[in-house]
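Contents: one structure, followed by commentary.
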Amino acid sequence: MNPSLAPAEETPRHLLNELGFSTRRVGEELHGAASITPEMHVPGAARLRTSILATWADMLAGLLATRVIAPRVPVTLELDVHLYRPAPAAGDLLGVARTVKAGRSTFVADVEFTVDGEPLAIANGLFMTAPDPGLRLPPTHSLDMPATGEELAVPFAERAGCERRGAGTAVLPRSEDGLNAAGSVNGGLIALAAEEAVLSLAPGGTLRSLSLIYLQAARVGPVVATARLRGGIARAELRDSGNGGRLTGVVTAGTFDV
């Protein structure tokens, strides 16, 4: 989920606010905009991270879900992003989210991304209502979210504290400014951990697709992502190491040729 849905007791400065993303409602759609900066690049490649697209897709689709689920909190069940081409190093990014299905138990939205008017990627998100009925969105919740003016001062993975620990492994700590509305590790940061694990096996490469299935909230951390890569297709597992190593998500990813 996204920083605008953070619990009231959290610090106002949320890590994902530093991505500079703003949202505004346009009819039945939700539009998001941001400028790509070098701090958003994949290490060793001057291209926007696919995990950042996943983070923004989660934000847009999750905000749309609140129109149906509010005042309850939506949680992400599945999220996928697919790029038409390698992401650019710079430009103005626009994401347009639309409702696909608004059911009693689940909500589905899709997102189309363009950079400087050129198609870049498509994404989909599946959400459900958080099981805990005590979780509520703040009274000030809105779909319109202006950019905070904060910017990443260091690369995204460094800011999140996500580190590669050898080939196929990445570790993401739990941080108070990286939680979602349910008080667990933000789904976009989970995507970052998976991306880092996969890219540790493909130095200089980038992801052309990233599909995540969220099985259980990562509440304790650190989150440990382990990946294997064959023929340009990767499979990764994410576990909450501080919670008995419970499996929190599985990921399938595809890489562009280096």
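In the stretch 87-127, which residues are among the acidic types (Asp, Glu) and more than 19 Å from the chain's Cα centre (by Cα)?
Scanning the stretch 87-127 gives Asp116, Glu118.
Would you point out which residue out of Leu94, Leu53, Leu79 is of a type in the set (A, V, I, L, M, F, W, C), part of a strand (DSSP E or B) and under 12 Å from Ala121 (Cα atoms)?
Leu94
Restricting the stretch 34-75 to residues that are hydroxyl-bearing (Ser, Thr, Tyr) and open to solvent by 20 Å² or more (accessible area, probe 1.4 Å), which is farthest from Ala197 (Cα to Cα)?
Only one residue fits best here, namely Ser35.
May I ask you to list the residues in the stretch 61-96 that are of a type in the set (D, E, K, R) and farther than 29 Å from Thr37 by Cα?
Arg67, Arg72
Would you be able to tell me the number of residues in the stretch 87-119 that are within 30 Å of Pro131 (Cα to Cα) and without any contact (Cβ under 8 Å) to a residue 12 or more places away in the chain?
Residues in the stretch 87-119 being within 30 Å of Pro131 (Cα to Cα) and without any contact (Cβ under 8 Å) to a residue 12 or more places away in the chain: 3 in total.
Yes or no: Leu201 open to solvent by less than 30 Å² (accessible area, probe 1.4 Å) and touching a strand residue (DSSP E or B) at 6+ places or on another chain (Cβ under 8 Å)?
For Leu201, the condition - open to solvent by less than 30 Å² (accessible area, probe 1.4 Å) and touching a strand residue (DSSP E or B) at 6+ places or on another chain (Cβ under 8 Å) - is not met.
Would you mind telling me which numbered condition in (1) within 19 Å of the chain's Cα centre (by Cα); (2) modelled with pLDDT of 95 or more; (3) among the hydroxyl-bearing types (Ser, Thr, Tyr) Ser241 fails?
Here Ser241 clears every test but (1).
For the stretch 115-129, indicate whether the set of residues that are in a loop (DSSP other than H, G, I, E, B), at positive phi and open to solvent by less than 80 Å² (accessible area, probe 1.4 Å) is non-empty.
Yes, because at least one residue in the stretch 115-129 is in a loop (DSSP other than H, G, I, E, B), at positive phi and open to solvent by less than 80 Å² (accessible area, probe 1.4 Å).
Taking the stated definitions as given, is Thr99 surrounded by 15 or more Cβ atoms within 10 Å (Cβ to Cβ), assigned to a loop (DSSP other than H, G, I, E, B) and touching a helix residue (DSSP H, G or I) at 6+ places or on another chain (Cβ under 7 Å)?
In short, no.
Among (1) under 23 Å from Ile122 (Cα atoms); (2) of a type in the set (Lys, Arg); (3) surrounded by fewer than 18 Cβ atoms within 10 Å (Cβ to Cβ), where does Arg165 come up short?
Among (1) under 23 Å from Ile122 (Cα atoms); (2) of a type in the set (Lys, Arg); (3) surrounded by fewer than 18 Cβ atoms within 10 Å (Cβ to Cβ), Arg165 violates only (1).
Taking the stretch 206-226 as the region of interest, how many residues are in contact with a helix residue (DSSP H, G or I) (Cβ under 9 Å, 6 or more places away or on another chain), of a type in the set (Val, Ile, Thr) and open to solvent by 20 Å² or more (accessible area, probe 1.4 Å)?
So the answer is 3.
For the stretch 130-146, give me the residue count where each residue is within 30 Å of Ala89 (Cα to Cα) and assigned to a loop (DSSP other than H, G, I, E, B).
Looking only at that region, the number is 3.
Checking Ala33 against (1) within 30 Å of Gly205 (Cβ to Cβ); (2) hydrophobic (A, V, I, L, M, F, W, C); (3) in a helix (DSSP H, G or I), only one condition comes out false. Which one?
Only one criterion is unmet by Ala33, namely (3).
Which one is nearest to Pro74 (Cα to Cα), of the residues in the stretch 158-186 that are assigned to a helix (DSSP H, G or I) and at pLDDT below 95?
Taking the candidates together, the pick is Gly178.
Being touching a Cys at 6+ places or on another chain (Cβ under 7 Å) and either polar (S, T, N, Q) or within 24 Å of Pro88 (Cα to Cα) (or both), is that true of even one residue in the stretch 172-193?
yes
Give the stretch 227-242 a look and list any residue that's more than 9 Å from Ala253 (Cβ to Cβ) and either touching an Asp or Glu at 6+ places or on another chain (Cβ under 8 Å) or surrounded by 23 or more Cβ atoms within 10 Å (Cβ to Cβ) (or both), or say none.
Passing the criteria: Gly232, Leu238, Asp240.
Restricting the first residue to the stretch 190-202 and requiring it to be within 11 Å of Thr252 (Cα to Cα), which pairs with a second residue that is open to solvent by 10 Å² or more (accessible area, probe 1.4 Å) meet a Cβ separation below 8 Å and a spacing of at least six or different chains?
So the pair list comes out as Ala194/Ala227; Val198/Ala227; Val198/Leu229; Val198/Thr255.
The values are calculated or read from the model by the stated rules, or taken from the named source; none is laboratory data. This is a predicted model, so every value here is computed, not measured. As a convention, Cβ positions derive from the backbone with ideal geometry for all residues, glycine included, and neighbour counts pool all protein chains shown. Please note that ligands, DNA and RNA were not included when accessible areas were found on the heavy atoms of the full protein model with its side chains. Shrake-Rupley method; radii C 1.70, N 1.55, O 1.52, S 1.80 Å.
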